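Remarks on the structure that follows.
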Amino acid sequence: MPNIKLFAGNSHPDLGKRIADRLGINIGRTVLKKFANQETCVEIGESVRGEDVYILQSGCGDINDNLMELLIMINACKIASAERVTAVIPCYPYARQDKKDKSRAPISAKLVANMLSVAGADHIITMDLHASQIQGFFDIPVDNLYAEPAVLQYIEDNIPDWRKAIIVSPDAGGAKRVTAIADRLNVGFALIHKERQKANEVSRMVLVGDVKDATAILVDDMADTCGTVCTAAEKLVEAGAAQIYAIMTHGVLSGPALQRIEHSPISSVVVTNTIPQEEKMKNCSKISVIDISAILAEAIRRTHNGESVSYLFRNVPL
């Protein structure tokens, strides 16, 4: 059986180290640098011939540079005769551009899928895709893992009175995610309908459901500028919610997000480490992090050994 090799790009070295420690292996040697004209240069520092290669790169930070780095690393391993190359992408780049929502709009998520396939990826492991249909953009296997089991564990361990909580979706698109969590916890749910005038700006919100005197837990797949989630929190306060938590898988937290969170009525914003959060935690006291490295490491181990990954859809690995 081929040996497992794990390489990590520049986007999230900490997550790479956690996954390697969990698997009991070392991260493969690579030299990732830029030429004077800003072209990306990748050198794989060890043999990958006949090996099962996993390349970790998240869609965050300098997204375009990191995506290009990932494509070059995949291609470098493929033409060095790797048996199989798996791209582990905790936060899929361009995932929000997944449909033609207006005339002449690009479907960039499909373009990224094509680029990954052409670069030579044989398999994709990702987490909480913005729209699960993105799996259909690929002609290669895609494992879309869920942060939901880790989120459930966090709620049960860290939120007092969670049995009396209401799970709230800040938009209609997340209703399915919220109802799944509410069913697993056996609590109620509500949703907020929003109307946007243009991207990243919310104009009006309507709450559907009752949150009076309850702990409201806002759940979404991504928090970018946090405009939606902070406006939703104010709406919940108006509706009489006693305490508000927000749990998001991908904490992009760009632009004015940290200031908005600090001045919002939200008690705690919980994100996973699909994106590095160290700097953001220093700048905002309300941010907590769920570590999902165990889920990704277990997915890699199971994929390497040819075992089923579906156990991870409902359980956190021990």
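Find the residue count for the stretch 261-297, including only residues that are among the polar types (S, T, N, Q), farther than 27 Å from Lys5 by Cα and touching a helix residue (DSSP H, G or I) at 6+ places or on another chain (Cβ under 9 Å).
5
Give Ala175, Ala182 a once-over and let me know the one that is farther than 22 Å from Ser268 by Cβ and open to solvent by less than 30 Å² (accessible area, probe 1.4 Å).
On the way: Ala182 fails: farther than 22 Å from Ser268 by Cβ.
Result: Ala175 is the single residue among Ala175, Ala182 that is farther than 22 Å from Ser268 by Cβ and open to solvent by less than 30 Å² (accessible area, probe 1.4 Å).
Residue by residue, here is whether (1) crowded, with 17+ Cβ neighbours inside 10 Å; (2) charged (D, E, K, R) holds:
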position: Leu71; (1), (2): yes, no
position: Ile89; (1), (2): yes, no
position: Tyr94; (1), (2): yes, no
position: Pro106; (1), (2): no, no
position: Asp128; (1), (2): yes, yes
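So that you can scan it fast, the table gives a plain yes or no per residue for (1) touching a strand residue (DSSP E or B) at 6+ places or on another chain (Cβ under 7 Å); (2) farther than 23 Å from Ile155 by Cβ; (3) hydrophobic (A, V, I, L, M, F, W, C):
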residue	(1), (2), (3)
Thr225	no, yes, no
Glu238	no, yes, no
Gln243	yes, no, no
Ala246	yes, no, yes
His250	yes, no, no
Pro256	no, yes, no
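Select, from Ile275, Ile300, Ile244, Ile295, the only residue that is outside any loop (DSSP other than H, G, I, E, B), among the hydrophobic types (A, V, I, L, M, F, W, C), closer than 24 Å to Tyr94 by Cβ and in contact with a Pro (Cβ under 9 Å, 6 or more places away or on another chain).
Sole residue among the options that is outside any loop (DSSP other than H, G, I, E, B), among the hydrophobic types (A, V, I, L, M, F, W, C), closer than 24 Å to Tyr94 by Cβ and in contact with a Pro (Cβ under 9 Å, 6 or more places away or on another chain): Ile295.
Looking for something open to solvent by less than 10 Å² (accessible area, probe 1.4 Å), within 19 Å of the chain's Cα centre (by Cα), farther than 18 Å from Asn3 by Cβ and in contact (Cβ under 8 Å) with a residue 24 or more places away in the chain - is there at least one such residue anywhere in the stretch 34-56?
Looking for residues that are open to solvent by less than 10 Å² (accessible area, probe 1.4 Å), within 19 Å of the chain's Cα centre (by Cα), farther than 18 Å from Asn3 by Cβ and in contact (Cβ under 8 Å) with a residue 24 or more places away in the chain, one finds none in the stretch 34-56, hence no.
Tell me the residue from Leu207, Leu218 that is within 23 Å of Thr179 (Cβ to Cβ) and open to solvent by 20 Å² or more (accessible area, probe 1.4 Å), please. Spell out how you get there, then give the answer.
Details: Leu218 fails: open to solvent by 20 Å² or more (accessible area, probe 1.4 Å).
Step by step, each of Leu207, Leu218 is checked, and only Leu207 is within 23 Å of Thr179 (Cβ to Cβ) and open to solvent by 20 Å² or more (accessible area, probe 1.4 Å).
Condition first: assigned to a loop (DSSP other than H, G, I, E, B), in contact with a Ser or Thr (Cβ under 7 Å, 6 or more places away or on another chain) and among the hydroxyl-bearing types (Ser, Thr, Tyr). Now tell me which residues in the stretch 31-59 satisfy that.
Ser58
Can you go through Leu6, Leu70, Leu111 and tell me which one is part of a helix (DSSP H, G or I) and touching a residue at least 40 places away in the same chain (Cβ under 8 Å)?
Leu70
Suppose we keep only residues that are without any contact (Cβ under 8 Å) to a residue 60 or more places away in the chain and surrounded by fewer than 17 Cβ atoms within 10 Å (Cβ to Cβ) within the stretch 73-87. Which one would you say is nearest to Ser108 (Cα to Cα)?
Asn75
Take the residues in the stretch 130-163 that are modelled with pLDDT under 95, in a loop (DSSP other than H, G, I, E, B) and under 18 Å from Asp221 (Cβ atoms); name whichever of them is least open to solvent (accessible area, probe 1.4 Å).
The qualifying residue least open to solvent (accessible area, probe 1.4 Å) is Ala131.
Counting just the residues of the stretch 9-27 that are farther than 17 Å from Val252 by Cα and either among the polar types (S, T, N, Q) or not in a helix (DSSP H, G or I) (or both), which one comes out most open to solvent (accessible area, probe 1.4 Å)?
Among those that are farther than 17 Å from Val252 by Cα and either among the polar types (S, T, N, Q) or not in a helix (DSSP H, G or I) (or both), it is Asn26.
The values are calculated or read from the model by the stated rules, or taken from the named source; none is laboratory data. Given the structure is predicted, the values throughout are model-derived calculations rather than measurements. Heads up, the Cβs are rebuilt from the backbone with ideal geometry, glycines too, and the neighbour counts pull from every protein chain shown. Ligands, DNA and RNA are stripped out before the accessible areas are found, and what is left, the full protein with its side chains, is counted by its heavy atoms. Shrake-Rupley method; radii C 1.70, N 1.55, O 1.52, S 1.80 Å.
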